[in-house]
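The values are calculated or read from the model by the stated rules, or taken from the named source; none is laboratory data. Owing to the predicted nature of the structure, the values given are computational and were not obtained by experimental measurement. Neighbour counts run over all protein chains shown; Cβ positions are idealised from the backbone, glycine included. Surface areas here come from the heavy atoms of the whole protein model, side chains and all, with no ligands, DNA or RNA. Shrake-Rupley method; radii C 1.70, N 1.55, O 1.52, S 1.80 Å.
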Amino acid sequence: MDLEREGGRGANQLRPIDCSRNVLSRAHGSASCSHGETRVLAAVYGPKAGTKKNENPEKACIEVIWKPKSGQIGKPEKEFQMILKRTLQNICLLNVHPNTTTSIIVQVVHDDGSLLPCAIHAACAALIDAGIPLKYLAVSISCCLTESGKILLDPNKLEEQKMKAFVCLAFPSSVHSVLTEGSINGIITSLTHGVMAGYTFLTLILDEYFQCVEQGRAAITPLSNILKKKLQSQSAE
């Protein structure tokens, strides 16, 4: 019963994904991305001369502004904003445009679960649309862990609320495109909530986390192919 999902989805089955570039006329780059009913818009402005306070002027500065669907930005949104900024800093070639600032505005249109992966994909597509040089595309997936230990990929909002733990992961789109430091299969981003959050050395919890990593990694190649196909088809138009 624990694996019954809306629409009869399997545990590893992703919702339909769409991604479109150049959706806003006044931004230097823009994109719209949807994972099922979850939808995010991203707009890129820059690079503009100068960096923000406390940023290294010998490198480009990446600024992320997260805008919720309604109301003021809260603690969860600030966490997503910080994680997204770190992810983009890892994939952008920061030495190409030193002493500049590129701003990425992320607007949540609708949140039906797996919001951060959707935002990561929208931001990457908007950066590509703006011509910002990237080391590689970040491809992200969310996993939820049920009370019985089953893993569900790409959870919707209701599934996220019912699970005992949540993991969001981002990987390079292709190991061959990674410029280099660290393991070529390394994780770019890892965010956990629930029983796996915090620092723990309990074997069971670590096993559950690494199971999520392996199942998430297995979904990255087909997910990467979908995103690349959509972005490449738009480049050819």
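So here's what we get for this one:
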read-out	value
Every residue from region 184-231 that is modelled with pLDDT under 80 and over 23 Å from GLY149 (Cα atoms)	ILE184, ASN185, GLY186
Complete set of residues in region 7-26 that are surrounded by fewer than 21 Cβ atoms within 10 Å (Cβ to Cβ) and of a type in the set (A, V, I, L, M, F, W, C)	ALA11, LEU14, ILE17, VAL23, LEU24
Selection within region 117-137 - closer than 25 Å to GLY186 by Cα and surrounded by 24 or more Cβ atoms within 10 Å (Cβ to Cβ)	PRO117, CYS118, ALA119, ILE120, HIS121, ALA122, ALA123, CYS124, ALA125, ALA126, LEU127, ILE132
Identity of the residue in region 95-114, of a type in the set (A, V, I, L, M, F, W, C) and open to solvent by 20 Å² or more (accessible area, probe 1.4 Å), that ends up nearest to VAL40 (Cα to Cα)	VAL109
Tally, over region 139-152, of residues that are open to solvent by 10 Å² or more (accessible area, probe 1.4 Å) and either under 18 Å from the mean Cα position of the chain (by Cα) or on the phi > 0 side of the Ramachandran plot (or both)	1
Breaking point among (1) over 16 Å from ILE187 (Cβ atoms); (2) of a type outside the set (Phe, Trp, Tyr); (3) open to solvent by less than 40 Å² (accessible area, probe 1.4 Å); (4) touching a residue at least 60 places away in the same chain (Cβ under 8 Å), for PRO155	(4)
Residues of region 57-89 satisfying the condition of being in a loop (DSSP other than H, G, I, E, B) and in contact with a helix residue (DSSP H, G or I) (Cβ under 8 Å, 6 or more places away or on another chain)	PRO68, ILE73
Yes/no for PRO98 being in a helix (DSSP H, G or I) and in contact with an Asp or Glu (Cβ under 9 Å, 6 or more places away or on another chain)	no
Some residue of region 128-139 being in a helix (DSSP H, G or I), within 22 Å of PRO222 (Cβ to Cβ) and touching a helix residue (DSSP H, G or I) at 6+ places or on another chain (Cβ under 9 Å)	yes
Evaluation of ARG26 against (1) on the phi > 0 side of the Ramachandran plot; (2) over 21 Å from the mean Cα position of the chain (by Cα); (3) at pLDDT 90 or above (one fails), failing number	(1)
In region 34-71, residue surrounded by the most Cβ atoms within 10 Å (Cβ to Cβ) [restricted to those that are modelled with pLDDT under 95 and polar (S, T, N, Q)]	THR51
